[in-house]
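Here the structure comes first, spelled out in structure tokens, and everything after it is commentary.
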Amino acid sequence: MHRLKKTFVALFVFCAFVAVPVVTNAKLDGINVNRVKVKVYTKQGGDWFRALTQRTDDDGVLKFKNAPPGWYKMEIDDDDVTSGQYLAVQIRMTDVKGRKLKEKTDIDLYYKNSSDVEVFIQTVDTDKKGWFKMENLSPDIEYKLDISERDNSHVSKRDNCVRIKTKTKIDDSDWFYSKYDRTDENKVYEAENVLPGKYKFKYKTGDQSEAEPFTLKIRLRNEKGEKIKEVASVDLYAYVNKQRVLIGTMPTDTKGWVTIPGVMTNMKYKIDVDE
């Protein structure tokens with residue numbers, strides 16, 4: 001659901017001048033990247049799109065949640081570019097179906113060299129909640145975070161809650177899983193860092209009739225992956241017989257949150273944001 005979505009870094013060097021990312025449990029530090037604006041791009045479903053734009057913290061660390069496996073690259077804003085810059089990241093991964101990780105999990109890390117060849121770097125471990133920390137990530141280098149599909153990172157059933165699988169299409173990407181989680185007891189399905197794009201929802205078999213709607217509560221980002229900091233206008237479309245139909249226009253609050261009632265499964269939606 002997301003362009004989704006937060007959390008995508010000693011100094012050994014390959015001959016291609018790519019610094020090797022280093023996993024660490026110590027305090028994270030970036031190099032020459034304190035409080036810089038970073039654009040994070042991801043390749044999900046075959047096409048690149050901007051997933052996130054935000055500043056690093058005072059230690060040069062970029063932190064974000066719910067990063068699905070795939071290719072990532074980070075670009076420092078032109079106004080903040082200088083020599084010798086390396087990012088530190090703290091990322092919370094999901095599995096290939098958009099499910100939260102619930103135990104320590106191996107992540108295989110690759111980069112793309114100058115010959116466009118995928119090169120293995122190392123295997124890193126998350127903690128029990130899917131978080132891991134790295135230093136020494138080079139801006140503008142393509143990195144791949146690869147994770148095996150895991151049957152044990154399931155979403156368990158709870159009374160009066162409904163499990164929903166979300167698939168997303170951003171820009172020209174193919175459809176990909178972005179989130180699989182439960183509603184609350186009032187059938188409200190909540191997600192943060194949602195990008196403008198197309199979305200489809202499906203109930204877990206047996207949880208609820210497909211004819212029954214749910215309420216979607218989302219915190220949107222804008223087309224550039226930036227946080228929304230003032231009221232924005234949201235256009236919601238549905239595809240009926242392959243025709244796009246405007247369902248309604250509604251405002252977010254000043255933090256990008258909007259609540260959409262009456263959302264149906266097996267229906268394709270498009271969400272546009274106009275700040």
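According to the calculation over all Cα-Cα pairs in region 9-122, the P(r) per 5 Å bin from zero is 2, 10, 19, 23, 24, 17, 5, 1 %. May I ask which of 112/179; 167/227; 169/224; 167/204; 224/255 have a Cα-Cα span longer than 25 Å here? Beyond 25 Å between Cα atoms: 112/179. Local charge for residue 34 was computed over the other residues whose Cβ lies under 11 Å away, with Lys and Arg +1 and Asp and Glu -1, and equals -3. Summing charges over neighbours of residue 237, with a neighbour being any other residue whose Cβ is under 11 Å away from its Cβ, gives +2 when K and R count +1 and D and E count -1.
Using the alpha carbons of region 136-275, what is the convex hull volume per residue in cubic angstrom, as a whole number?
Working: hull volume 21.6 nm³, N = 140.
For region 136-275, the hull spanned by Cα atoms encloses 155 Å³ per residue.
Evaluate the Kirkwood expression for the hydrodynamic radius of the chain, namely the inverse of the mean inverse distance over all pairs of different C-alpha atoms, and round to one decimal in Å. Write down the numbers at each step before the final one.
Details: mean 1/r = 0.0515 Å⁻¹.
Averaging 1/r across every pair of different Cα atoms and inverting gives 19.4 Å.
Let me make sure I get this right: for region 97-178, a, b and c are the square roots of the gyration tensor eigenvalues over alpha carbons, sorted descending. Under 1.5 in a/c it's rounded, otherwise prolate if a/b > b/c, else oblate. Which is it? Taking the square roots of the gyration eigenvalues as a ≥ b ≥ c, region 97-178 is oblate.
Quick one: of the DSSP bridges fully inside the chain, what percent are antiparallel, nearest 5?
Values: 75 of 85 bridges.
Counting only bridges with both partners in the chain, antiparallel ones make up about 90 percent.
Think of the chain as having a plus end and a minus end, set by charges on the Cβ of Lys, Arg, Asp and Glu; of 218, 160, 256, 160 sits farthest toward the positive end of this dipole. Counting only other residues whose beta carbon sits under 10 Å from that of residue 259, what net charge do I get with K and R as +1, D and E as -1? It works out to a net charge of -1.
Report in % the part of the accessible area of the chain that belongs to carbon and sulfur, leaving out ligands and nucleic acids; probe 1.4 Å.
Working: 5820 of 13410 Å².
About 43 percent, which is the carbon plus sulfur part of the accessible surface.
Rank-order 59-66, 106-113, 227-234, 242-249 by packing density, defined as the average count of other C-beta atoms within 10 Å over each peptide's residues, highest first. Don't skip to the answer; put the middle values down first.
Working: 59-66: 20.1, 106-113: 17.6, 227-234: 14.9, 242-249: 11.0.
Top of the packing list down: 59-66, 106-113, 227-234, 242-249.
Pairs exceeding 32 Å between alpha-carbon atoms, taken from 43/128; 73/198; 43/165; 37/157; 37/202; 73/229: 37/157; 37/202.
For the chain, with every protein chain kept in place, what is the accessible area per residue (1.4 Å probe, Å²)? Provide the component values of the computation, followed by the final result.
Working: 13410 Å² over 275 residues.
Counting only protein heavy atoms, the per-residue value for the chain is 49 Å².
For the peptides 119-128, 134-143, the ranking by mean Cβ contacts within 10 Å, running from highest to lowest, is 134-143, 119-128.
The values are calculated or read from the model by the stated rules, or taken from the named source; none is laboratory data. All values reported here derive from a predicted model rather than from experimental measurement. Backbone-built Cβ (ideal geometry, glycine too); neighbour counts: all protein chains shown. Please note that ligands, DNA and RNA were not included when accessible areas were found on the heavy atoms of the full protein model with its side chains. Shrake-Rupley method; radii C 1.70, N 1.55, O 1.52, S 1.80 Å.
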